[in-house]
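What follows is one structure encoded as structure tokens, with my remarks underneath.
The values are calculated or read from the model by the stated rules, or taken from the named source; none is laboratory data. Treat the numbers as computed from the prediction; the structure is a model and nothing was measured. Cβ atoms come from the backbone with ideal geometry, glycine included; neighbour counts cover every protein chain shown. For accessibility, only protein heavy atoms count, side chains too; no ligands or nucleic acids. Shrake-Rupley method; radii C 1.70, N 1.55, O 1.52, S 1.80 Å.
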Amino acid sequence: MNEWAPIAKEYDPLKAGSIDGTDEEPHDRAIWRAMTARYVPNRGVTGDPHLTLFVARLALQTTEEKLKEVFSRYGDIHRIRLVRDFITGFSKGYAFIEYKDERALLKAHRDANKLIIDQREVFVDFELERTLKGWIPRRLGGGFGGKKESGQLRFGGRDRPFRKPINLPAMKSDFYGEGQAEKRERPWSRDWKTRERAHERNREPRRPERERGESKRDRERHSREERSSGKEGRDRERKDRSRDRSSRKRRDEDRN
């Protein structure tokens, strides 16, 4: 992990099939095919590989003249090779452009990637067939391309670099060995003691809450009793007043 880099310095089909370059087993048959393949770069290809760019995702109607028009703005071009089908002569959608000096190569590599040519966004990278050790092309299960739909993505290139792996902390091998008492103590015992103390602390305030709950119930009972007693008193008062009125009425009638 100390030598981790987002761009692969040496092609390994197994690592290229992993998003962070840490897979230990291949997850698709294409990786198996790339791991067992023995690829030899095309000896018929000429030119300096360290001054050559790989341009992919070209429109099928893009020609050598169009590529020269676009890429000559970065420097003098020595050679352009648009790869075509051997039988039909149609473009395969990628080309190799060799510059005369490294400065132009680096400028084109920096600025021409994701450039729009003939309504297509192109991909630009260094040539890898003759410069990257262990290179396996896509047709043999390698490369750095792929589509999500196929489930055969490849990582470690410019278009899809490796993601930094997550390093999980390792447990000490002598954790339960001889040493200080706090090291030998099991972590869950400390957690249990902490939880027990917290449980005791939480239980303490519950008692006054229960007491307050009882006193509240008592107050509610007393208030109900008071209301009922007040109602009875009012009933007695009304009866007394009605009796007084009836007695006064009788006395008045007797006088008349």
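Observations
- Among residues that are buried (at least 17 other Cβ atoms within 10 Å of the Cβ) and acidic (Asp, Glu), residue 127 is included.
- Of residues in the range 36-56 being polar (S, T, N, Q) and loosely packed, with under 12 Cβ neighbours inside 10 Å, the one modelled with the highest pLDDT: 36
- Here the condition is being within 20 Å of the chain's Cα centre (by Cα), free of Cβ contacts under 8 Å to residues at least 12 places away in the same chain and assigned to a loop (DSSP other than H, G, I, E, B); of 148, 164, it holds for 148 alone.
- In the set (1) surrounded by 11 or more Cβ atoms within 10 Å (Cβ to Cβ); (2) in contact with a Ser or Thr (Cβ under 7 Å, 6 or more places away or on another chain), the condition left unmet by residue 67 is number (2).
- Against the list (1) over 30 Å from the mean Cα position of the chain (by Cα); (2) part of a loop (DSSP other than H, G, I, E, B), the condition residue 155 fails is (1).
- Meets criteria (open to solvent by 100 Å² or more (accessible area, probe 1.4 Å) and either closer than 21 Å to residue 143 by Cα or at pLDDT 90 or above (or both)) for residue 60: yes
- Candidate set from the range 141-179 (those that are at pLDDT 90 or above and farther than 20 Å from residue 122 by Cα); member that is surrounded by the fewest Cβ atoms within 10 Å (Cβ to Cβ): 163
- Residue that is nearest to residue 93 (Cα to Cα), among those in the range 130-140 that are open to solvent by less than 40 Å² (accessible area, probe 1.4 Å) and among the hydrophobic types (A, V, I, L, M, F, W, C): 136
- Scanning the range 93-114 for residues that are among the acidic types (Asp, Glu) and more than 37 Å from the chain's Cα centre (by Cα) turns up 98, 101, 102.
- Listed here are the strands (runs of 3 or more DSSP E) enclosed by the range 1-115 that have at least 2 residues being touching a residue at least 12 places away in the same chain (Cβ under 8 Å) and of a type in the set (D, E, K, R): 77-84.
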